[in-house]
Each structure stands twice: as structure tokens, then as C-alpha cells.
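Report on one structure; see the data block that follows.
Values in this text are rule-based calculations from the coordinates and carry no lab data. Please read all numbers here as calculations on a predicted model, not as lab measurements. Please note: Cβ atoms are built from the backbone with ideal geometry, for glycine as well, and neighbour counts cover all protein chains shown.
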Ligand code: XBP
Ligand code: MG
């Protein structure tokens, strides 16, 4: 029986990766680093979960010794996170299409909502402060700064299961990236992938289904938005690998 839906944040609940990218670049400029991540570079760097880890990976990639940087990587990440939260505060972030409606449907159906995200708790709080999401709608929230290993390690999801007091089979995860899907799968939680512009070429073979849009699916035999009933049905079908499911005609793409 499905009892809880565990949501990823960046790229799934909110269309945030572009804002994260520009916030990194603002921090690099402030630090006088002369680094600039364009979309293709950032798309590749998204394989590394966690902003601090991503900066560290990039510095190593371009052969930069951390000691030689004008500011430390933790400081740089603090500067980036401040830029990101200010941008969210200016109203530059949106829920992904269909998310608001689906969250309301899930709550009306009596299912719990939870979050498992690599980003920081402070960034999640900003989503509540700006009323993009409502804090007391969430049974538990596990941010990246509460675990030692971020996605694709299962730690975030295992902590969410422990806090919810549920078995993996009583949950369904929703993720936008390959590392996120792998993290949920490692925790034995059935997971639905909903790619975005940055992750559409990721490998989702571990996902129960790949849904391009939570707001609108369309096929020969119909159209509509992803409903809580669809999620319950996909959960019930359990894990079947690498299929693009059309929610109406069940056609496998
Ligand atoms: C995705 C991430 C995050 C963000 C950047 O998080 O990997 O690191 O890209 O945020 P999610 P921070 O698991 O929600 O998809 O700089 O705060 O890490
Ligand atoms: Mg994500």
C-alpha cells in the first residue's frame, strides 16, 4: 500500500538548476575567480550532487589546487547559496508545472509528503519563506547537510524512511536525475523519473516510469495531467526497468 511520496527538490519540485547555475557564476565573479559555467558545462557537472562537491570537482577538473584559490571552497559555496536564496527571495523561482496541483491531490488522498534533497536545509526553508511550498504539508524533510554521502548514495532516502517509519515498498520517490533515481533505487524505493532540460539525456533504466511532464501528457488516446491515481498505479506496478510509460494508453515508448 502506498503511504508516502518522497520528492526530490532541485529539478523536480522546483525548476531550480538554472538559478543554481547563475548563482554559482555570481559567486565566482564576486570572488574574482573568472570561472563561468555555461549550460553545457553545468549539465555535465550535475552528475556531482551537492554544490560544494560540484565546485571541488570542477576545480580538480581544471587542475586548480584549492589552496591557491582566493577564497576557500566552503566560503565560495556559502557565497553561492546566499546569491541563490536572494534570487528565490526576488521571486525568480517557480514550482515545476503540475507540481502544485499534484501535491494538493496527494494530500487530499491522505498520503504523506516527504523530501530527500542534496541541497541545504536553509535553501529548502527559503522555499517556505517565499510561499512556494508550505512547511506543515511535509511529514519529513531530509536535506543534504544532514547526511555524509549525497546522491547517488541512498543515505538521504534511508533517513527519510527511518523518520517516516515506513518500508521502502510503502513509498514512491519522484526524481529528475540519474543520480537521484539511483539513490532511491539503492534504498529499494520505487521511483518515477521526471526529467528536465538538464537531465533529459540521463539514464533512467532503474525508474518505474519516465514522465516527461507532470502537467501534461498527451498521446493518441488522450491527454491530461499526472494524477495521484496514476502515481498509485505506477507504484503498484512496482519496478520494471527502462520503459517510457504513457499514462493513458500504457504504450511503452
Ligand atoms: C540537486 C543538487 C544540489 C543543487 C545545488 O539537489 O545536487 O546540489 O544542484 O544546491 P536535489 P546546493 O537532490 O534536490 O536534486 O548548492 O545547495 O548543494
Ligand atoms: Mg534533482
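For the chain, the direction-averaged projected area of the alpha-carbon convex hull comes to 13.1 nm².
Where only DSSP H runs of four or more residues are counted, the chain gives -11500 deg cm²/dmol as its mean residue ellipticity at 222 nm, each run worth -39500 (n - 2.57). Compared with the alpha-carbon gap, the fully stretched path from residue 39 to residue 130 is longer by 30.1 nm at 0.36 nm per residue.
Quote the FRET efficiency, to the nearest 0.05, computed for residue 169 versus residue 205 with a Förster distance R0 of 22 Å and r equal to the Cβ-Cβ distance.
Numbers: r = 20 Å, r/R0 = 0.90.
According to the calculation, E is roughly 0.65.
Measuring how big the range 1-121 is from its alpha-carbon positions, Rg and Dmax come out at 16.8, 54 Å.
Which order do the peptides 51-62, 189-200 come out in when sorted by mean C-beta neighbours inside 10 angstrom, highest first?
Details: 51-62: 17.3, 189-200: 22.2.
Order by mean packing, descending: 189-200, 51-62.
Against the empirical 2.2 N^0.38 Å (N residues), the range 68-183 has a Cα radius of gyration ratio of 1.16.
Calculated FRET efficiency, residue 122 to residue 213, Cβ-Cβ distance, R0 = 30 Å: about 0.50 to the nearest 0.05.
Computed over the alpha carbons of the range 77-140, Rg followed by Dmax gives 12.9, 41 Å.
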